[in-house]
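Reading through the structure tokens given below for one structure.
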Amino acid sequence: MKTCRKCGQVKSAEDFYTITERIRNTDLQMRYGITLADFRAMYARQEGRCAICGAADEKLVVDHHHDTGRVRALLCHLCNTMLGCAREREDILARSIAYLRAATASTLRPQP
């Protein structure tokens, strides 16, 4: 809640959004069922860092479960893309980890 400097009335923070913020607020509500205030609170809780890799990023995106629509956390673009490319399947991600570990353990040399 904030007090309006013009009229002195106490109003919600949403009443003070700029046009760009209003558009973003509407987009978040329509896509994910959260407000811009919810997004900012998540961003603050995560200290502006991706929930997967921990990278600081000013442009974190909302990660949500595609079947249920449930919002999970904020991610950087690369981590969000990684989950999408793996079709949000744990088995694909687990095999990817196993692949990386095996490739790291054995020295890969080019074929002559």
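Just so you know, all these numbers are worked out from the coordinates, no wet-lab data involved. It should be emphasised that the depicted structure is a prediction, and the values quoted were computed from it without experimental measurement. Glycine also receives a Cβ, built like all others from the backbone with ideal geometry; neighbour counts cover every protein chain displayed.
Over the chain, DSSP H runs of length four or greater, each weighted -39,500 (n - 2.57), average out per residue to a 222 nm ellipticity of -13500 deg cm²/dmol.
Basic side chains Lys and Arg get +1 at the Cβ, acidic Asp and Glu get -1 at the Cβ, and with that the dipole of the range 1-45 about its Cα centre reaches some 160 debye.
Segment Arg95..Asp67, full-extension length gain: 7.9 nm, with 0.36 nm per residue of separation and the alpha-carbon distance subtracted.
When only Cα pairs below 8 angstrom with a gap of at least 6 residues are kept, the range 47-106 shows a relative contact order of 24 percent. Once you order the gyration tensor axes a ≥ b ≥ c over the Cα atoms, which shape class does the range 47-106 get: rounded for a/c under 1.5, otherwise prolate or oblate by comparing a/b with b/c? Oblate, because a/c is 1.5 or more while a/b does not exceed b/c. Let me know the longest stretch in the chain that avoids all trypsin sites (Lys or Arg not before Pro) found in a DSSP loop with at most 14 other C-beta atoms within 10 Å. Segment 7-58 is the longest.
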